[in-house]
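In what follows, a structure is listed as C-alpha cells, so that the remarks can point back to it.
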Amino acid sequence: MTTISSKEFATHQDRYFNMAINEDVRIRRGRNMFQLVYQPITDEQPVLEPDDDLRNAITGDELMERMRVSIHKFFADKK
C-alpha cells in the first residue's frame, strides 16, 4: 500500500493511476484519506440493463396524446 499527499498525486497522476492497477494507492488530503480503485470499463458494457420498467415505457408522443385526452375529459366534466 502506498500513501501519498494530494499534491504528490496532482503532480504525478499518471504514475499513481498505473500503480493502482496492481496495488492500493491512498491519497491523504488534510485529515481525509481517499483510495484509488481500479475497475476496468469497456465501451461494450451497457450503462443500464433493460428491465421491465423500460419495456413498459411510452414515447413522448404517446404521453402527449394521453395527456390531451385527459385534459379534454377534465374540462368536459367541469361543464
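The values are calculated or read from the model by the stated rules, or taken from the named source; none is laboratory data. Small disclaimer: the values here were computed from a predicted structure and weren't measured. All Cβ positions, even for glycine, are placed from backbone atoms using ideal geometry, and neighbour counts span all protein chains on display.
Results, tabulated for the structure shown:
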read-out: Residue 2 being β-branched (Val, Ile, Thr), at pLDDT 90 or above and touching a helix residue (DSSP H, G or I) at 6+ places or on another chain (Cβ under 7 Å); value: yes
read-out: Residue within segment 26-46 that is surrounded by fewer than 11 Cβ atoms within 10 Å (Cβ to Cβ) and part of a helix (DSSP H, G or I) present; value: no
